[in-house]
1. Can you give me the Cα centroid spacing of region B:20-76 and region A:63-141 in angstrom?
2. Among B:54-60, A:269-275, A:284-290, how do they line up from the highest to the lowest mean number of other beta-carbon atoms within 10 Å?
3. How far, in degrees from 0 to 90, does helix A:189-201 lean away from the longest principal axis of the Cα atoms of chain A, to the nearest 10?
4. In peptide A:283-295, what is the residue-averaged number of other protein chain Cβ atoms found within 10 Å of each Cβ?
5. Rounded to the nearest 10 degrees, what's the angle between the helix A:324-340 long axis and the longest principal axis of chain A, both from Cα atoms, 0 to 90?
6. Let me have the 222 nm mean residue ellipticity of chain B computed from DSSP H runs of 4+ only, each contributing -39500 (n - 2.57), with the sum over all residues rounded to the nearest 500.
7. Over region A:237-351, consider all pairs of different Cα atoms and compute the Kirkwood hydrodynamic radius from their mean reciprocal separation; express it in Å, one decimal.
8. Take the Cβ-Cβ distance between residue A:111 and residue A:332 as r, set R0 to 41 Å, and report the resulting FRET efficiency rounded to the nearest 0.05.
């Protein structure tokens, strides 16, 4: 490819330099040329490529108004007809990763435009949209920007050099896309399989040609038969804590969860509780924490005999950027405590 | 978190704003919420109406907990 390729760049409100959570609800807007991290990418690509436009959209907007946001993105892509779309990197930011993936779906699935982005492997956007983009693996926070940008640039350069015919994930440095591609091998399948088996028997490393998909699903529990006799507990990843955040649960990448007593509370108020979550605009949750953890309604249901009892403790952590391993460990501990206290059903709220 | 609590033997309903994330993390009973900063409310509706919205969502959650399912199910408005 000798001509300079045209790139459209996608960013959220934060990296698009519009603002933080208070601007997360802005609809897509288009800027000429590169913005934010796009400048470094554009400079590094030099004469090979040019970011002609940048689309910036608030993370909350994209996730709450996905179809509208996609329509806007579609319009710009159809008008500009770029050779490549670059998005993020979004690290472990869930809403941003979902937005990068949503953009990739529009570009790649509908318009056949390849997409390069960067995500932390646990970002839900990767699992959901891995077919639609070449996702470079990044660290879990924006502190990894210094590595993420050169890695994305390297992949973009390789993409340009090879005219879009990128090699395998490990060779090129992107995460697997769950796609199978035909290629010619110099040894036939039976020989390759036996070679792998011998390596396996000898305890040596080998690379499977067909990794088994990881379906970690849990079968649904049996339903509750008699709600009026059931003890129900509230759990949230929305970061609701007593006012002052006594356990100092972190606003992102939480290293702990909290257990809080609500006996005697008919509901939560701005005076009694607040949110520790740093991944959404906290104004509404701080004004009335029942908007995230519905203690007021649960009390009414308890008084009316619709549920047997509201458990006198609730459990809370901050879902924002928290690793799957940590979330899993917290939930295992929480479940054990709930079972020990005779809880029979759980309502878990997420923002 | 939903998945681990359910794995331990407790039925869980996930009230979540971004339903695709809830599906990806493996929740089985899912009730869509209102908005990311206020999943169970709507500050523009006034106190009484807002509480009705919240009650409606929680009741949908209870209904989900009472429903026998075989696979991931999103309990939408009927």
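No lab work stands behind these numbers, since they all come straight from the coordinates. Values in this document were obtained by computation on a predicted structure and should not be read as measured data. Cβ: placed from backbone, ideal geometry, glycine included. Neighbour counts: every protein chain shown.
1. Value for the Cα centre distance between the two parts: 27 Å.
2. Taking the mean over residues of other Cβ atoms within 10 Å, the ranking is A:284-290, B:54-60, A:269-275.
3. With rounding to tens, the tilt is 50 degrees.
4. 5
5. Result, in degrees: 20.
6. Mean residue ellipticity, 222 nm, calculated: -13000 deg cm²/dmol.
7. Every distinct Cα pair counted, the radius reaches 14.4 Å.
8. The calculated FRET efficiency here is 0.40.
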